[in-house]
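Written below as structure tokens is the structure these notes are about.
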Amino acid sequence: MKMEARRFLLLLFLLSLLSISTAATTRKVRARKPCKSMVFYFHDIIYNGKNAKNATSAIVGAPQWANRTLLAAQNHFGDLVVFDDPITLDNNLHSTPVGRAQGFYFYDKKEIFTAWLGFSFVFNSTEHTGSINFAGADPLMNKTRDISVIGGTGDFFMARGVATLMTDSFEGEVYFRLRTDIKLYECWQQV
């Protein structure tokens, strides 16, 4: 009798596991709405040997055939750039900054113009405090590109989401402006 009871309990346990795993695989996926949406612009002025006063980024690593003043040939492959760019609410470089975009990007393919980004928006305004952290591939030839929001601090504590980048302006090898449309899907309220 004890053996039959054990078998029955084991069978009941296995059936419950099977029903749980089946329910998990047939569950509907709902489209989630962002808990916070924001748009910012960041302005990158690359140091070119003549603009030290205004530059907000610099090449800190380059392939052997290149130098650290001008971007390398072959789609800038191998260049590593660090930046500390102003963030504004509109596309005017001379608008009051609400923070800084700080991080790096490197050009990672010879065949096509593409980069990989890792950076933070560090806010210093009365509207926002803290930072939002980003990382991801940036296929520059696409009109829009999505990168991951991988965390944050302050008002953006543990934020998760996606940022859609769009090159809003491009002036040769010296200046570009990115429109950054941020949609957060995980927002925490600090008490």
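Over 27 Å between Cα atoms: which of 53/110; 33/143; 110/143 fall into that group? Mind dumping the intermediate values first?
On the way: 53/110 31 Å; 33/143 23 Å; 110/143 20 Å.
From the list (53/110; 33/143; 110/143), the Cα-Cα distance tops 27 Å for 53/110.
Cut-off under 20 Å on the C-alpha distance; same-chain residues fewer than 8 positions from residue 109 excluded. Which aspartates and glutamates are left, in chain and number order?
Once the sequence-local aspartates and glutamates are set aside, what remains near residue 109 is 79, 138, 146, 173.
How much accessible surface area, in Å² rounded to 10, belongs to the heavy atoms of residue 84 with a 1.4 Å probe?
60 Å²
With N denoting the number of residues in region 32-191, provide Rg(C-alpha) divided by 2.2 N^0.38 Å, to two decimal places.
Details: Rg = 15.8 Å, N = 160, 2.2 N^0.38 = 15.1 Å.
Region 32-191 yields a ratio of 1.05.
Largest first, how would 186, 127 line up by accessible area (1.4 Å probe)? If you can, show how the numbers build up before the last one.
Values: 186 80, 127 125 Å².
Output order, biggest surface exposure first: 127, 186.
The values are calculated or read from the model by the stated rules, or taken from the named source; none is laboratory data. For clarity, every value in this text was computed on a predicted model and none was experimentally measured. Quick note on the areas: whole protein, heavy atoms, side chains included, nothing else; ligands and nucleic acids left out. Shrake-Rupley method; radii C 1.70, N 1.55, O 1.52, S 1.80 Å.
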